[in-house]
Each structure stands twice: as C-alpha cells, then as structure tokens.
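Working notes, structure below.
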Amino acid sequence: MSTMQTNDPAVKALVEENSRLKRAIEELTILNDLARSISALQNSEDIMQTIIRRSLRAVNAEQGVITLVDEKTDDSMKTLVRTMVSSGDQQPFHLNQNLLGWMHINRKPLLISNPREDTRFRGVKWDAAISTLLSVPLMAKSKLIGILTVYNKKSSLDFTDGDQRLLAIIAAQSAQIVENARLYEEEKAFLKLRHELGVAATIQNNLLPDKMPDVPGYDIAGSSVAAQMVGGDYFDFIKIDDAHLAFCLGDVAGKGLSAAMLMANLQATLRGQAVVTTSARECMQRSNRLLFHSTGSDRFVTCFYGVLNNERHELCFCNAGHDSPILFSSSDTAERLSSDSLVLGMLEDFPYEEKTISLNTGDVLVLYSDGVTEAMNIADQPFGEERLEEIVAKHVDAPAEEIILRVTEAVRGHMGNVEAMDDITMVVLKRV
C-alpha cells in the first residue's frame with residue numbers, strides 16, 4: 001500500500017509541491033531577514049557586508065564579494081568599492097576584470113562550474129582555489145552599479161539553478177539600497193567639502209589686503225581672482241616704517257583648506273619678519289626656516305618679496321622660485337627682475353639672493369602669478385609672457401589698477417569659454 005501511494009502521480013505531485021513551498025518559504029525568510037537587516041543600516045560598507053554574509057549562508061558558499069562600478073566616468077569598469085567576506089580562512093580572491101566586462105555586456109546572472117574550462121573565458125587566468133562561482137548583476141534604475149559574486153560551494157558540489165535564482169533576487173532587492181547609501185555618503189562628503197571650501201575661501205579673502213597702500217610718489221594696486229572657490233595665490237603689502245613698504249606675491253602649493261592654512265602661516269611669517277628688517281634676503285631666509293619647521297615636506301610656496309624705499313626710490317628684492325616680475329622703464333624697455341632662489345619651505349637653510357635697483361619716474365613693475373601666463377584657450381594655447389608684455393606696454397601710462405584690469409580682461413578674452421585652472425593674481429607698482 002505504501003509503495004503504491006509513493007508511486008501515485010498525485011502523491012508525487014503533492015510531495016513536489018510541498019518541497020517547492022518549503023523552498024519558497026525558506027527563500028522568503030532569507031529575503032525578509034535581509035530586508036530587515038539592511039533597512040536599519042546607513043553605512044554602505046555595513047550594508048554590503050550584510051548582503052554578502054546572508055548570500056553566503058543562502059547558497060552555502062565559501063567567499064563572496066560585491067564590487068561597485070562607476071558608469072559616470074569614461075572607464076565604465078572603474079571599481080569604486082570592493083567589499084569581501086569569507087566564511088573561513090581562505091585568501092581573498094581577486095575579481096577578474098573579464099568577469100566584470102562580461103557583466104557589463106550581458107547584465108544577467110552567470111554560473112560557472114569549471115572556470116578554467118569555460119569557453120566564454122578562454123585564456124583567462126583564475127585564482128587556483130576557485131572551483132565554481134556564481135555572479136549576478138546589481139541593477140538600480142536600469143543601470144549596472146556593481147556585481148555580487150560568490151565562490152565555491154561548501155559541499156564541493158556545483159551551484160544550482162535555484163542558487164542562481166535566489167542570488168539574483170537578493171541582488172535585485174538590495175541594489176537600490178546599496179546605491180542609495182552610496183549616494184547619501186557622496187552627498188555628505190560633498191557637503192563637508194563645500195563647507196571646508198567655504199571656510200578656506202573666507203580665510204583667504206580675509207588674508208588679502210582690503211585697501212591699497214598710500215605711498216607718496218607711487219601708485220600701487222593688487223588683485224587676485226580665484227579660479228575656483230578657493231585659490232592658492234597670495235599678495236600682501238606690509239608697512240615697515242614711513243620710508244619702507246614691503247610687498248609680495250606668492251603661490252601656495254595645493255588648494256582647499258590646507259592651502260588656506262599654509263597661506264595664513266605664510267602671511268603671519270612674512271609680516272613677523274618684515275617689520276624687523278629692510279633686507280629682503282634676511283626676511284626670506286628667516287621666513288624659509290620658520291616655514292620649513294611648520295609645514296610638511298610636500299608643502300611649499302613660491303614668493304617674490306620686495307622692499308620699496310620711497311625716499312631713495314630703491315627696490316630691494318628676493319625671488320623664491322616665483323615667476324620673474326617685469327619692469328617697464330620710462331625708456332620704453334622691459335626687463336625681468338631675475339633672482340633665482342629656491343621656493344620657501346623646501347630646505348631649512350638656503351642662501352637667498354638679494355638685488356637692489358633704482359626706480360625712475362614712469363617705471364612700472366608688474367608682478368603676476370602663473371595663472372596669467374599659463375591661462376589656456378580652447379586650442380590649449382597659453383596666454384604667454386609675450387601677450388602680457390604687449391598689454392602692459394599698451395597701457396603703461398594708465399593707473400596701476402587699470403593696468404591690472406586690462407590684463408585680466410585680455411586673459412579672460414583669450415580663454416573664452418575655457419574654465420580657468422589657476423588664479424589670476426597681479427600686483428602693479430608704478431612710480432609717478
């Protein structure tokens with residue numbers, strides 16, 4: 001009777017239906033537990049770790065990995081995040097780029113029972129310990145955001161079609177949550193960066209002079225137009241006494257908050273040293289030593305520093321690795337004020353070179369940053385020193401402020417719609 005009942009088609013169908021319902025309940029339990037677990041998490045790393053652990057348990061695999069990719073870049077297979085979980089002490093397997101490329105093209109589950117013999121991956125070198133793998137796409141709003149891959153069934157058997165279906169459901173249920181968490185973290189990072197840039201911009205704006213110096217017999221102006229929210233250029237005027245005015249133009253390495261802090265350090269250092277000596281060389285040597293001890297090995301500053309004696313009409317200057325200023329003389333000639341010395345903060349002790357020149361009525365000294373001469377147009381052609389000299393020579397009789405305005409207009413006209421990559425900073429000193 002028992003044998004007859006077992007062979008009864010109706011009984012067999014009932015047994016199969018019960019088995020199917022049992023698997024369905026188990027799968028629903030797995031998916032429900034996963035949904036509850038990851039819905040309470042916000043950190044994308046924690047979410048992915050949870051997904052992988054539940055996936056390993058669901059299909060009885062040894063190791064799993066989620067790899068997120070970036071479709072916004074030219075390299076659509078660029079890995080953004082790689083999270084790996086192992087159920088034992090196995091060495092982490094390396095995700096094969098061919099597998100990632102296959103998933104980009106096909107965007108469907110992939111089951112491989114013998115990787116080294118699979119004709120779809122002929123010639124591909126797999127990790128020796130990989131015997132079988134199952135990979136499914138993570139799709140969010142019809143976009144491939146990554147792949148979920150599990151390796152090696154613990155029972156030494158192959159992954160089944162049921163494993164493939166279950167893992168595909170897990171990926172489909174989880175993909176949007178992973179993407180939302182990642183986008184949320186990107187937004188938080190962006191807001192933090194924007195806040196830091198705002199702080200840095202405030203610091204740098206406060207460091208620049210709010211008015212130009214009033215020196216008898218001279219017309220002096222300065223300007224800095226940041227290429228981005230935060231620039232790296234700096235200029236300053238420091239009154240030493242009634243007869244001496246120190247001025248400088250520098251370019252701080254880097255951007256953002258770290259550059260702003262270095263700029264603040266530079267200003268404090270220069271101002272502290274400028275008031276105790278009228279020697280440009282001594283000021284640079286002392287400032288360099290202080291900056292060397294207060295900044296990292298990768299932080300430095302280029303700087304032209306000059307001290308004007310407005311009674312004797314002499315300029316004492318020192319150039320620490322900055323672009324050489326141009327002196328337009330009353331005799332319609334232009335010359336470079338070269339004084340080649342090392343940038344500030346690179347070496348603790350450096351013998352900076354100092355030079356002194358006389359300024360005649362009508363002489364115009366133009367200091368500038370490389371954001372002026374290296375400004376590119378759409379054809380990748382720099383504005384260049386020759387154009388700078390031509391513009392200044394054309395307006396050499398104009399006030400210092402207007403000379404800066406004309407050069408800035410010419411640089412912007414040269415760039416057209418090309419975004420500026422560096423600050424446009426100038427200081428013009430003119431003896432009238």
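Taking region 96-113, which residues are in contact (Cβ under 8 Å) with a residue 24 or more places away in the chain and either among the β-branched types (Val, Ile, Thr) or in contact with a Pro (Cβ under 6 Å, 6 or more places away or on another chain) (or both)?
Selection gives Met103, Arg107.
When you check Ala175 against the structure, is it closer than 15 Å to Val69 by Cα, among the small types (Gly, Ala, Ser), surrounded by 18 or more Cβ atoms within 10 Å (Cβ to Cβ) and in contact with a Pro (Cβ under 9 Å, 6 or more places away or on another chain), yes or no?
Here the answer is yes, as Ala175 does meet what is asked.
Could you list, in sequence order, all residues of region 283-307 that are assigned to a helix (DSSP H, G or I), farther than 25 Å from Met426 by Cβ and either in contact (Cβ under 8 Å) with a residue 40 or more places away in the chain or of a type in the set (Gly, Ala, Ser) (or both)?
Gln285, Arg289, Phe292, His293, Ser294
For region 206-224, state whether one or more residues are surrounded by fewer than 19 Cβ atoms within 10 Å (Cβ to Cβ), in a helix (DSSP H, G or I) and in contact with a helix residue (DSSP H, G or I) (Cβ under 8 Å, 6 or more places away or on another chain).
Yes, because at least one residue in region 206-224 is surrounded by fewer than 19 Cβ atoms within 10 Å (Cβ to Cβ), in a helix (DSSP H, G or I) and in contact with a helix residue (DSSP H, G or I) (Cβ under 8 Å, 6 or more places away or on another chain).
Scanning region 234-282 for residues that are among the β-branched types (Val, Ile, Thr) and touching a residue at least 12 places away in the same chain (Cβ under 8 Å), which turns out surrounded by the most Cβ atoms within 10 Å (Cβ to Cβ)?
Checking each candidate, the answer is Val252.
Among what's in region 235-254 and is among the charged types (D, E, K, R) and part of a strand (DSSP E or B), pick the residue that is farthest from Glu314 (Cα to Cα).
Restricting to residues being among the charged types (D, E, K, R) and part of a strand (DSSP E or B), the top hit is Asp251.
Would you mind stating whether Ile130 is part of a loop (DSSP other than H, G, I, E, B) and buried (at least 17 other Cβ atoms within 10 Å of the Cβ)?
yes
Report, by residue number, each residue of region 282-329 that is β-branched (Val, Ile, Thr) and within 16 Å of Glu353 (Cβ to Cβ).
Thr302, Val307
Just so you know, all these numbers are worked out from the coordinates, no wet-lab data involved. Just so we're clear, the structure is a prediction, and the values are computed from it rather than from any experiment. Cβ coordinates were reconstructed from backbone atoms using ideal geometry, including for glycine residues, and neighbour counts include every protein chain displayed.
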